[in-house]
Amino acid sequence: MRLSLPIRRTTPPERATGRWWRNVRSGRMQRTLAAATAASALPLGLEVYFEHFRGSFGDKWMWTPVALSPALTAAGVAGFCSERAAKTWLPVLSALYCLDGLIGVITHVRGVARKPGGFDEPLFNVVMGPPLLAPGSLAMVGGMGLAAAAFGRER
């Protein structure tokens with residue numbers, strides 16, 4: 001003898017969650033990744049601005065992540081709204097942002113090496129010098145935008 005449980009209707013948030021998971025399982029995540037890119041780029045750019053301000057913007061290249069962040073945010077919002085923008089502007093600006101992050105890792109490593117004692121004084125120079133892996137977050141956000149262009153649009 002089987003127990004018969006009453007059937008309950010699903011609520012709209014439950015249906016939306018189920019639809020989102022079906023999209024993720026089938027590789028359709030373009031809008032989600034574009035929105036995540038837009039939501040991540042602007043706060044990251046602001047944080048980079050504050051940290052580079054502490055460094056007195058000693059190198060003109062310190063301005064590049066600050067200038068690219070609002071542009072990538074706009075491209076992410078446009079990619080969320082338009083598939084065409086997600087396939088054109090978002091990957092271009094995401095690639096620049098990613099490249100800027102990779103170059104930033106190299107320049108930060110060089111910055112620590114140039115401090116008195118270099119890597120021979122790691123307790124001081126790694127802690128007090130430029131953060132070694134912080135530019136990697138730019139590369140990850142840029143990579144997220146590139147992935148948004150590669151994935152299919154949600155249904």
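From the list 130, 116, pick out the single residue that is closer than 20 Å to residue 49 by Cβ, over 11 Å from the mean Cα position of the chain (by Cα) and not hydroxyl-bearing (Ser, Thr, Tyr).
That would be 130, the only listed residue that is closer than 20 Å to residue 49 by Cβ, over 11 Å from the mean Cα position of the chain (by Cα) and not hydroxyl-bearing (Ser, Thr, Tyr).
Filter region 112-136 down to residues that are under 20 Å from residue 47 (Cβ atoms) and either in contact with an Asp or Glu (Cβ under 9 Å, 6 or more places away or on another chain) or among the charged types (D, E, K, R) (or both), then give me how many there are.
4
Go over the candidates 54, 84, 110, 114 one by one and state the one that is within 18 Å of residue 32 (Cβ to Cβ) and of a type outside the set (S, T, N, Q).
Just one listed residue meets the conditions, 84.
Condition (residue is more than 15 Å from the chain's Cα centre (by Cα), charged (D, E, K, R) and either assigned to a helix (DSSP H, G or I) or over 23 Å from residue 148 (Cβ atoms) (or both)) applied to region 55-72: is it met by at least one residue?
Within region 55-72, one or more residues are more than 15 Å from the chain's Cα centre (by Cα), charged (D, E, K, R) and either assigned to a helix (DSSP H, G or I) or over 23 Å from residue 148 (Cβ atoms) (or both).
Take the conditions in contact with a Phe, Trp or Tyr (Cβ under 7 Å, 6 or more places away or on another chain), in a helix (DSSP H, G or I) and within 18 Å of residue 37 (Cα to Cα) and apply them to residue 95. Does it pass?
no
Every residue, every condition in (1) in contact with a strand residue (DSSP E or B) (Cβ under 8 Å, 6 or more places away or on another chain); (2) at pLDDT 95 or above; (3) not polar (S, T, N, Q), yes or no:
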| position | (1), (2), (3) |
| --- | --- |
| 83 | no, no, yes |
| 94 | no, yes, no |
| 101 | no, yes, yes |
| 109 | no, no, yes |
| 113 | no, no, yes |
| 116 | no, no, yes |
| 120 | no, no, yes |
| 123 | no, no, yes |
| 132 | no, no, yes |
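Restricting attention to region 100-119, and to residues there that are hydrophobic (A, V, I, L, M, F, W, C) and either touching a helix residue (DSSP H, G or I) at 6+ places or on another chain (Cβ under 7 Å) or assigned to a loop (DSSP other than H, G, I, E, B) (or both), which single residue is surrounded by the most Cβ atoms within 10 Å (Cβ to Cβ)?
Out of the qualifying residues, it is 112.
Only one residue in 41, 36 is touching a Gly at 6+ places or on another chain (Cβ under 7 Å), crowded, with 16+ Cβ neighbours inside 10 Å and either modelled with pLDDT of 95 or more or farther than 20 Å from residue 143 by Cβ (or both). Which one?
Result of the check over 41, 36: 41.
Yes or no, residue by residue, for (1) outside any helix (DSSP H, G or I); (2) out of contact with any Leu (no Cβ under 8 Å at 6 or more places or on another chain); (3) under 20 Å from residue 85 (Cβ atoms); (4) of a type outside the set (A, V, I, L, M):
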{"position": "23", "(1), (2), (3), (4)": "no, yes, yes, yes"}
{"position": "32", "(1), (2), (3), (4)": "no, yes, yes, yes"}
{"position": "39", "(1), (2), (3), (4)": "no, yes, yes, no"}
{"position": "48", "(1), (2), (3), (4)": "no, no, no, no"}
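If I ask for residues that are closer than 30 Å to residue 151 by Cα and of a type in the set (D, E, K, R), which ones from region 1-22 would you list?
Within region 1-22, 14, 15, 19, 22 meet the criteria.
Would you say residue 140 is surrounded by fewer than 17 Cβ atoms within 10 Å (Cβ to Cβ) and over 21 Å from the mean Cα position of the chain (by Cα)?
Judged against the criteria, residue 140 is not a match.
Within the group 143, 129, which residue is in contact with a helix residue (DSSP H, G or I) (Cβ under 9 Å, 6 or more places away or on another chain), under 23 Å from residue 26 (Cα atoms) and in contact (Cβ under 8 Å) with a residue 12 or more places away in the chain?
143
The values are calculated or read from the model by the stated rules, or taken from the named source; none is laboratory data. In this text, all values refer to a predicted model and were calculated from it rather than measured experimentally. Don't worry about glycine lacking a Cβ; one is built from the backbone with ideal geometry, like all the others, and counts go over all protein chains shown.
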